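The values are calculated or read from the model by the stated rules, or taken from the named source; none is laboratory data. Being a predicted model, the structure only gives us computed values, none of them experimental. Ideal geometry is used to build each Cβ from the backbone, glycine not excepted, and the neighbour counts take in all protein chains shown.
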Amino acid sequence: MGLTLSEATPSDFPAIVRAQYAAFHPHESMHRILWPSPDPPTPTVLSRTVDRQLQAWQADPHITWLKVTDDETGEVVAAAKWFVWAPESKTPDAKDGAAAAAAAAEFFQRRRERIQGPCVLLDQLFCAPAHQRRGAGKLLVKWGTQRADELGVKGFVEASFTGRRLYESCGFKVTEQVCLEGVNEKEEWKEYDKVEYLFMERDATPLVAA
């Protein structure tokens, strides 16, 4: 069965959000903080997440959402959200007003400090568990690295430990191993495990004209 990469449309988001929760919930602490939900997520939670993802996308022209579909079934099996700030654009502050946890505030503060100037940023990437190891993730990452090369800019990703090999295969290097301390600051967030990830960068690699 083959896979096809294409840009997502608003009508894809119910399927994209289902893949998001299947990939991350409830085992990924950062996802539970940013996208709180019972397990399994209720239809109301899924609907609100669709609305939230669409509102953020519509509010920021630098966002591109991609999807990977199964050629045989037409199912959306994976998706990614890229920010692309070209040399002529200004990198804005990263914000997420819905994230109330101290860990989330620390996460976005670190992003503001480290991601400066023209660049591409892989903000989200996920693949439904039943379709992992089929190459969908690499298709999604390669789109962003090719865009970075076209613009001659750096790339960034805040990677999970399991995603490290994929990103390294696409030219990213670990520059920092992060453990957020904010979860320990409030008693109500003690239920969450440590939030750890790898900050990875990819050097600007301008395309050479033939």
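Worth a mention:
- Flag for residue 17 being of a type outside the set (Gly, Ala, Ser), farther than 22 Å from residue 142 by Cβ, buried (at least 19 other Cβ atoms within 10 Å of the Cβ) and touching a Leu at 6+ places or on another chain (Cβ under 6 Å): yes
- Of all residue pairs spaced 6 or more apart or on separate chains, those with beta-carbon atoms under 6 Å, a first member in the stretch 43-70 that is closer than 25 Å to residue 131 by Cβ and a second member that is acidic (Asp, Glu) and part of a helix (DSSP H, G or I) are 67/12.
- Which listed residue is surrounded by 20 or more Cβ atoms within 10 Å (Cβ to Cβ) and in a loop (DSSP other than H, G, I, E, B), from 41, 36, 61: 41
- Residue 202 fulfils the conditions (1) modelled with pLDDT under 95; (2) closer than 26 Å to residue 67 by Cα except for a single criterion, (1).
- Candidates 172, 156, 161 - the one that is among the aromatic types (Phe, Trp, Tyr) and surrounded by fewer than 15 Cβ atoms within 10 Å (Cβ to Cβ): 161
- Looking only at the stretch 1-33, and only at residues there that are touching a helix residue (DSSP H, G or I) at 6+ places or on another chain (Cβ under 7 Å) and part of a loop (DSSP other than H, G, I, E, B), the one that is nearest to residue 129 (Cα to Cα): 25
- Checking each residue in the stretch 47-58 for being more than 26 Å from residue 178 (Cβ to Cβ) and surrounded by 18 or more Cβ atoms within 10 Å (Cβ to Cβ) picks out only 50.
- Pairs with Cβ under 6 Å, 6+ apart, first in the stretch 79-94 and of a type in the set (A, V, I, L, M) and surrounded by 12 or more Cβ atoms within 10 Å (Cβ to Cβ), second part of a strand (DSSP E or B) and at pLDDT 95 or above: 79/67; 80/66; 80/125; 84/120
- All positions within the stretch 16-31 that are farther than 17 Å from residue 104 by Cβ and free of Cβ contacts under 8 Å to residues at least 12 places away in the same chain: 27
- Restricting the stretch 131-168 to residues that are part of a helix (DSSP H, G or I) and of a type in the set (Lys, Arg) leaves a set whose member that is farthest from residue 84 (Cα to Cα) is 165.
- Test: residue in the stretch 180-195 that is among the charged types (D, E, K, R), in contact with a strand residue (DSSP E or B) (Cβ under 6 Å, 6 or more places away or on another chain) and either in a helix (DSSP H, G or I) or at pLDDT 95 or above (or both): no
- Test: residue in the stretch 98-119 that is touching a Gly at 6+ places or on another chain (Cβ under 9 Å), surrounded by fewer than 21 Cβ atoms within 10 Å (Cβ to Cβ) and modelled with pLDDT of 95 or more: no
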